[in-house]
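Every number in this text was worked out from the coordinates using simple rules, so none of it is lab data. It should be emphasised that the depicted structure is a prediction, and the values quoted were computed from it without experimental measurement. Backbone-built Cβ (ideal geometry, glycine too); neighbour counts: all protein chains shown.
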Amino acid sequence: MKRILFVVLMLFVAGLACSSQGEPGDDVTDAPAIPDMPDTSEPVTVEPPGEQAATELPTEPALTPTAEALTNAGWQPIVGELGGLPMVYVPAGCFLMGSTEEQIAAAMEACPELYSGAPFACDASGYQAEGPQREVCLDAFWIGQTEITNSQYAACVDAGACAPPADRTYFDNPEYADHPAVQIAWPDAVSYAAWIGGSLPTEAQWEYAARGPDGWVYPWGDTFEKDRLNYCDVNCDVYFWVDATYDDGYALTAPVGTYPNGASWVGALDVSGNAWEWVSSIFKDYPYDAADGREDSNAAGDHVLRGGAFDLSYLDVRSAFRYRLPSEGVCRGYGFRVAAAADAVAGP
Ligand SMILES: [Ca+2]
Ligand SMILES: [Ca+2]
């Protein structure tokens, strides 16, 4: 029942502002941080065996040299290209997908203030969908450096492989050529991704590219920083959660890559905010399991959008936040980026 209420709430907001909830507030610096990964970066010292021990050691070393442990700060972004699209490489690894119980509780505690004045009440279920947290390990892949832009999407439309956006107001305006393509339904995002030779990222791939092995709350760290994204700032045209304290320069979408200091650990831009991003996954409860049908492209059900948009507050541009919509849903903030297999992209 709570989930139904939350969906009703979100649909209400979507009707108001396409995709929104929340209001500005204090940042979430006090949100519990995900526990650090074990620090295995220190060199392992193996004492040379004494004469007595030498005969007892196995002929193969027990510890083989390994690369330095993967960390967000330690990874150097690699940019490749897929059909003209800049892609960034995401190395194989593991991370904790979803939010901790403490983080979900913190989101719920912040919610009433965020919604202050809004004609609905906070409900836990939208945030509860971020749990339970569980480790997910992924093979390497590539993900788009940016959201797909209007000019990029237009090439697919011109080729007859993609349907034009539901509302062409910005799509047809040359001034928006480098803005994310929006008003895109899930099947059309899938069509574009296939046309370019990739796919939509899974929900797990998207979140890993956003948060990294360190599991940061935002692409740049655990603290909301207003100068790193296009969110619901003073220019925002929703009514209850505008952050009147900051001007990010845009009421609607911004050109992709406007905030290079908002890059995630792999170098993906505008992961947080600007346009929502469809992922391949059907919305199902956590823990995430790619084998439970949610990655079946023919399965019925709502699909997931990630990252929040220009009309969302700090709470809902967190990398763990999950938004669900019927696949045919279109609105001014719904776009996407593509992913590709590790061997599908020409590297540098
Ligand atoms: Ca903005
Ligand atoms: Ca985005």
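Tell me yes or no: at least one residue of the stretch 268-276 is under 18 Å from residue 308 (Cα atoms), within 16 Å of ligand 1 (Cβ to nearest atom), of a type in the set (Phe, Trp, Tyr) and not in a strand (DSSP E or B). If you could, list the steps in order and put the result at the bottom.
If we filter the stretch 268-276 for residues that are under 18 Å from residue 308 (Cα atoms), which is where we start, we get 268-276.
Cutting the leftovers down to within 16 Å of ligand 1 (Cβ to nearest atom) gives us 269-276.
Now restrict to residues that are of a type in the set (Phe, Trp, Tyr): 276.
Applying the additional criterion that residues be not in a strand (DSSP E or B) yields none.
Checking the stretch 268-276: not a single residue is under 18 Å from residue 308 (Cα atoms), within 16 Å of ligand 1 (Cβ to nearest atom), of a type in the set (Phe, Trp, Tyr) and not in a strand (DSSP E or B).
So which of 299, 340 ends up being assigned to a loop (DSSP other than H, G, I, E, B), among the aliphatic types (A, V, I, L, M) and more than 12 Å from ligand 2 (Cβ to nearest atom)? First the steps, then the outcome.
Numbers: 340 fails: assigned to a loop (DSSP other than H, G, I, E, B).
Of the residues listed, the single one that is assigned to a loop (DSSP other than H, G, I, E, B), among the aliphatic types (A, V, I, L, M) and more than 12 Å from ligand 2 (Cβ to nearest atom) is 299.
Just name the residue that is farthest from ligand 1 (Cβ to nearest atom) out of those in the stretch 277-296 that are outside any loop (DSSP other than H, G, I, E, B), closer than 28 Å to residue 241 by Cβ and in contact with an Asp or Glu (Cβ under 8 Å, 6 or more places away or on another chain).
If we filter the stretch 277-296 for residues that are outside any loop (DSSP other than H, G, I, E, B), which is where we start, we get 277-282, 290-294.
Keeping just the survivors that are closer than 28 Å to residue 241 by Cβ gives 277-279, 281.
Adding the requirement that they be in contact with an Asp or Glu (Cβ under 8 Å, 6 or more places away or on another chain) leaves 277, 279, 281.
Working: 277: 17, 279: 23, 281: 27 Å.
Among those residues, the one meeting the criterion is 281.
Quick one: in the stretch 258-267, of everything that is assigned to a helix (DSSP H, G or I) and closer than 15 Å to residue 223 by Cα, which residue is nearest to ligand 2 (Cβ to nearest atom)? Walk me through how you get there before you give the answer.
Kept after step one, since they are assigned to a helix (DSSP H, G or I), are these residues of the stretch 258-267: 260-262.
Within this subset, residues satisfying the condition of being closer than 15 Å to residue 223 by Cα are 261-262.
On the way: 261: 15, 262: 10 Å.
Step by step, filter the stretch 258-267, then rank; the result is 262.
Looking at the stretch 108-148 only, could you name the residues that are surrounded by 21 or more Cβ atoms within 10 Å (Cβ to Cβ), in a strand (DSSP E or B) and not aliphatic (A, V, I, L, M)? Result: 141, 142, 144.
Scan 231, 246, 239 and give me the residue that is in contact with a Lys or Arg (Cβ under 8 Å, 6 or more places away or on another chain), of a type outside the set (Asp, Glu) and farther than 29 Å from residue 137 by Cβ. Before the answer, list the steps.
Values: 231 fails: in contact with a Lys or Arg (Cβ under 8 Å, 6 or more places away or on another chain); 239 fails: in contact with a Lys or Arg (Cβ under 8 Å, 6 or more places away or on another chain).
Just one listed residue meets the conditions, 246.
Filter the stretch 308-320 down to the residues that are of a type outside the set (Ser, Thr, Tyr) and either within 16 Å of ligand 1 (Cβ to nearest atom) or surrounded by fewer than 24 Cβ atoms within 10 Å (Cβ to Cβ) (or both) and list them by number. Result: 308, 309, 310, 311, 312, 315, 316, 317.
Filtering the stretch 97-155 to residues that are in contact with a Lys or Arg (Cβ under 7 Å, 6 or more places away or on another chain) and within 12 Å of residue 286 (Cα to Cα) leaves 97, 98, 129, 130.
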